[in-house]
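Bear in mind these aren't lab numbers, they're just calculated from the coordinates by the rules spelled out. These numbers come from a predicted model, not from an experiment. Heads up, the Cβs are rebuilt from the backbone with ideal geometry, glycines too, and the neighbour counts pull from every protein chain shown.
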2 protein chains.
Amino acid sequence: MEDLKKTIRSFTHVSDSDMEYGLKFYKKKIIKKGAYLLKPGGYISDFYFMKQGCVSYYTIEDGTAQVMEFFTEGYFFTDLYPYIQEIQSESYLEALEDSIVYSISKKDVEKVFDHSHQLERFGRLSMQRTFVINFQRINQLRNLSNQERYLQLLEKRPTLFQRVPQYLIASYLGLTPVGLSKIRKRLSEGR
Amino acid sequence: MEDLKKTIRSFTHVSDSDMEYGLKFYKKKIIKKGAYLLKPGGYISDFYFMKQGCVSYYTIEDGTAQVMEFFTEGYFFTDLYPYIQEIQSESYLEALEDSIVYSISKKDVEKVFDHSHQLERFGRLSMQRTFVINFQRINQLRNLSNQERYLQLLEKRPTLFQRVPQYLIASYLGLTPVGLSKIRKRLSEGR
DNA sequence: GATTCTTATTAAACTAGTTTAATAAATATC
DNA sequence: GATATTTATTAAACTAGTTTAATAAGAATC
């Protein structure tokens, strides 16, 4: 769990004893390609850290997948809204590759935060980080064209395009496979 | 500062002594309509609580305002990204009405969080709340049509339409004044 | 209360996407 | 390596927005 430890410490100082206390609640979990961590109607009570692999986070709207996010190495993730509210989820968490995650239950997260002020701070700061990412996402959705968002994704997460089928990337960008194909054509013609 | 106290306690339990410690750092501030709490190039070091009034949060892109949010009664707000990163802001915080806010400096927030585990928890939970709001915003931007988003805003924050000019609401919804006008026409014709 | 300034609507031409369907290319399976 | 299946591209018709410009309506000011 070295990279989990490293990632936590990239947020804030955590003493060895607090770290040891926190990490002992994490469990290693292997998910085969095509398997689900979560399906609609299920309850999500775990928080995950992606050690290796790729999980897509999506809902089905009118019969087609709406991809919210691709979680890859180093991501903390869960389906936060139902996780917080303790209600049924409406989303899927599906492995797009054989993946390894570390999981911790909500109860244990709370235990850890109660026990360690330092780790509660990590919790706050990682939430803050997530805020910033979402905030930038909103600005991108509002201020950039689909073409610009495609180019930005290509720049920021180039490996995604080797790992994930294009129609899922189209969905992530908020358009249809046909729409993305048109954009790519337009770009290849230098317009 | 009763409503500030009440709002904080709606997140988590805070003892009287911790609350008293925290609240003493807040300063009351009155902003006249048209005045700014923040302009591009400025540094934002305060966190605000809106006691009464309305502040618009926007950037200027290609000469027109892009409204991110309208902060009204009960909102905690700042320009979080530059606040966290301690970099220059690119945004405006402008009072659309005479407003009363309570402000606390970043240094004092940190002092409060150091002193009180309970208030650090409030910080984490309010960040979590903000996450959820932003998350829902992203889903709305992705999955709803402009018309649906207009109707949803009308339902959730009806008073906004009496307080704020329509072209700013258009901007908030991510469209032009002409576009919003068309949507309203379409709806009034029952389509 | 007339004038000025701001805000909202309408019209017309345009654009970047959509949908549906057909085809082509790539990948997996027997 | 042929066949079936999945994924990507292309075409054509359509749609919900855009831009620019003119007009109308409302609010503020003298």
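Figures for the structure shown
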| quantity | calculated |
| --- | --- |
| Intensity falloff of the protein assembly as shown expressed as log10 I(q)/I(0), Debye formula with alpha-carbon point scatterers, at q = 0.08, 0.09, 0.12 Å⁻¹ | -0.47, -0.60, -1.09 |
| Relative contact order computed over region B:50-182 (Cα-Cα under 8 Å; 6+ residues apart), in percent | 24 |
| Residues in region B:88-121 reached by a label modelled at A:His117 [backbone nitrogen below 14 Å; 7 Å Cα→Cβ] | B:110-121 |
| Rel. contact order, % - alpha carbon contacts under 8 angstrom, at least six apart, region B:1-100 | 38 |
| Point-charge dipole on Cβ atoms (K/R +1, D/E -1) for region B:2-143, about Cα centre, debye to 20 | 260 |
| Rounded to whole Hz, the Karplus (6.51, -1.76, 1.60) HN-Hα couplings of region A:137-147, x for glycine and proline | 4, 4, 4, 5, 4, 7, 9, 10, 6, 4, 4 |
| Cα-based reach from B:Lys39 at 12 Å (exclusive), listing aspartates and glutamates while leaving out same-chain residues under 8 positions away | B:Asp79, B:Glu90, B:Glu94 |
| Spatially proximal lysines relative to A:Lys5 (Cα-Cα < 23 Å; intrachain offsets below 8 disregarded) | A:Lys24, A:Lys27, A:Lys28, A:Lys29, A:Lys51, A:Lys106, A:Lys107, A:Lys111 |
| Amide proton proximity set for B:Asp98, modelled H, under 5 Å, gap of 5+ | B:Lys33 |
| Whole-Å distance, taken between Cα centres, linking region A:89-139 and region A:1-61 | 8 |
| Taking A:His115, B:His13 and counting other C-beta atoms within 10 Å, the order from fewest to most | B:His13, A:His115 |
| Per-copy distances of the A:Ser17 label point, shortest first, in nm (7 angstrom along Cα→Cβ) | 2.3 |
| Paired Rg and Dmax values of region B:103-191, which use every Cα atom, in angstrom | 18.6, 59 |
| Cβ charges +1 (Lys, Arg) and -1 (Asp, Glu), total dipole of the protein assembly as shown, debye | 840 |
| Expected-Rg normalisation [2.2 N^0.38 Å, Cα atoms] applied to region B:51-159 | 1.22 |
| Value of Rg/Rh across chain B [Cα atoms, Kirkwood radius] | 1.00 |
| Counted charge near B:Ser89, where neighbours are those whose Cβ lies closer than 9 Å (Asp, Glu -1; Lys, Arg +1) | -1 |
